[in-house]
Amino acid sequence: MDNKTVVLLTTITVIAAIASLAIIKKDRRSENPPVAPGSYPFFGHALTLAQGSRVFFKAFFADTDIDLLEIDVAGKRGYVVRGVENTRKILTATQLNTRYLPKDALIEIGEYHQGILFNSDIESWKYNRKMLVESIARPRFIRSLAPKINSYLANIYPLLDKLAESKTPFLPNMLFGSMSLDVIVDIILTNNRHAAESYLQTCIDGKTRKNDILLDLVKGTMEATGFFANTPSLLYKYFPSYIQKAEKYRKVIREFEECTRELFTAKQQEKQQTAMDENVAEIAEDLASGLVLAVKSGMALNNAIEVIKSIIAGGTDTSSNTMSFLLYELACNPEIKNEIHTEVAALIADSENSEFDSQNIEQLPLLQAAILEISRMYSEAQYLLRDVQIDGFTLGGTVLQKDSLLFIWIQGNQLSSELWEKPEVFNPKRFLESKELGGPFGYGFSYASFGHGIRKCPGEALALMEMKLIMANLCLRYDFELVDPTKQLEIKDNLALECGNYEVIFKHRI
């Protein structure tokens, strides 16, 4: 594209943006909520949004006690909201069943009318979500996870034991990322990846620590999704520094798609060969097998690939970050860490088979509370996004404009000193109190890390079971401490909150 064309297209885009802003300002009425600070010429609040959710919400609400503000997202009206009642009304509204990303962003990340996470085509989203729920989110499947994860952990205990014996430090975000990847790939594809074993072996051998390539692609894709979701397309189409970033992220997304396609193609060939060898009808024993049958029945292949990408990325990144944050806080709070060890050790001592199962794992209230507390403090989803596609929806007496955006600041509620006592302090015992306030976990809508209602995380039960089983086993078997307790924890604000590098050492308990 020559310079004249770039200038012409940029001029047209700017004129269109100015026209959109003029329309928005013209439509403003006296009953509209106040406009949030941080607006820029032509882009409105889009450049503030591009700084990440840990920045822009604080900027919007810094000098006000109002819970509803209006924003302009490059010509599209939006609202940023916080507060328990606003959150409750939005998350329980069945009409607000669509997440919004600009069409350009959806095409870039491969979720335009396909996939699960941001798919705005309601019919295909419902179909894809139904397949997920009926395979890996059904209660019977969740109950079957315990023996699978116990067996998986038994295979890596010898390596963890060697680390403990030699007091070799390792990075929890890399270990938990590898473990979560192993678990989710096995669940979806019945494929043993051995990512955690490979990582632990490199630690033992003193070699350069490298992630599994698929784990790197997951993290890169989450970062890329955050970039395209939050950056106005004008920037990454016409401005050199953003063009370079976009090209880097497109490469990551493309490689992740190719890797996922290879895994799915191998599953297709496996199912075809099994049916031929055994002369039996194909059975969907895992999600990928179900997708193989769905593709045969007319489901688009690219849609099946996007479903698997969504689940691998979401199932790996969120669980691994939550466990990494949890291990950090437990290492910083040895009293709570030791209480959890006592709790899990007492449970196992009273168990007939000395293993955790789907029933006794639910008898660990302090561990469960610790996971909820970490999700409150370090919510993977800092905010939830809805597209208002109905007329007459009101919040606090304000009628929201149809075709506008809603940004619900979940983390703002969860770190509010008006809703939680000393919210900045890691205190799992606050979740041991039965408040019976309704909402996702009985604490009203001051806590909604997994969302709620029609768009809540469909993998919530799976993620909680995985995290409880892994953390219960590790807290039973090992003590752990930070290599450098003075080092501040690094946190990266991608699409999901990402725990940075910190080193720990394991020590034997049993």
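The values are calculated or read from the model by the stated rules, or taken from the named source; none is laboratory data. Since the model is a prediction, treat every value here as computed from it, not as a measurement. Positions of Cβ are backbone-derived with ideal geometry, glycine not excepted, and every protein chain shown enters the neighbour counts.
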Could you list, ordered by first residue, the pairs with Cβ atoms under 9 Å in which the first is in region 477-492 and over 30 Å from Ile348 (Cα atoms) and the second is of a type in the set (Asp, Glu) and at pLDDT below 95, at least 6 apart or interchain? Glu490/Glu498; Ile491/Glu498; Lys492/Glu223; Lys492/Glu498
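Restricting to region 99-114, name every residue that is in contact (Cβ under 8 Å) with a residue 24 or more places away in the chain and either closer than 25 Å to Gly444 by Cβ or basic (Lys, Arg) (or both).
Initial filter on region 99-114 (in contact (Cβ under 8 Å) with a residue 24 or more places away in the chain): 99-102, 104-105, 108-111, 114.
Arg99, the sole residue that qualifies.
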Scanning region 423-468 residue by residue, those of a type in the set (Val, Ile, Thr) and part of a loop (DSSP other than H, G, I, E, B) turn out to be Val425
Residue within region 453-460 that is over 24 Å from Phe356 (Cβ atoms) and at pLDDT 95 or above present: no
Quick one: would you say Gly78 is at pLDDT 90 or above and under 22 Å from Tyr447 (Cα atoms)? no
Close pairs (8 angstrom Cβ cut-off, 6 or more residues apart or separate chains): under 13 Å from Arg509 (Cβ atoms) in region 339-353, part of a loop (DSSP other than H, G, I, E, B) and of a type in the set (Gly, Ala, Ser) anywhere: Ile348/Ser354
Only one of these conditions is not met by Lys251: (1) within 21 Å of Ala496 (Cα to Cα); (2) surrounded by 18 or more Cβ atoms within 10 Å (Cβ to Cβ); (3) of a type in the set (Lys, Arg). Which number is it? (2)
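Kindly indicate whether Ala59 is crowded, with 20+ Cβ neighbours inside 10 Å, touching a helix residue (DSSP H, G or I) at 6+ places or on another chain (Cβ under 8 Å) and in a helix (DSSP H, G or I). It would help to see each step written out before you state the result.
Values: crowded, with 20+ Cβ neighbours inside 10 Å: no; touching a helix residue (DSSP H, G or I) at 6+ places or on another chain (Cβ under 8 Å): yes; in a helix (DSSP H, G or I): yes.
When the stated conditions are applied, Ala59 does not pass them.
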Quickly run through region 120-151 and pick out the residues that are crowded, with 20+ Cβ neighbours inside 10 Å and either at positive phi or without any contact (Cβ under 8 Å) to a residue 60 or more places away in the chain (or both). Trp125
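This table checks each residue for (1) surrounded by 20 or more Cβ atoms within 10 Å (Cβ to Cβ); (2) over 19 Å from the mean Cα position of the chain (by Cα); (3) in contact (Cβ under 8 Å) with a residue 60 or more places away in the chain.
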residue: Ile390; (1), (2), (3): no, yes, yes
residue: Gly396; (1), (2), (3): no, yes, yes
residue: Ile408; (1), (2), (3): yes, no, yes
residue: Ser417; (1), (2), (3): no, yes, no
residue: Glu424; (1), (2), (3): no, yes, no
Filter result (surrounded by 13 or more Cβ atoms within 10 Å (Cβ to Cβ), farther than 26 Å from Ile361 by Cα and either of a type outside the set (A, V, I, L, M, F, W, C) or at pLDDT 95 or above (or both)) within region 490-510: Lys492, Asp493, Asn494, Glu498, Gly500, Asn501, Tyr502, Glu503
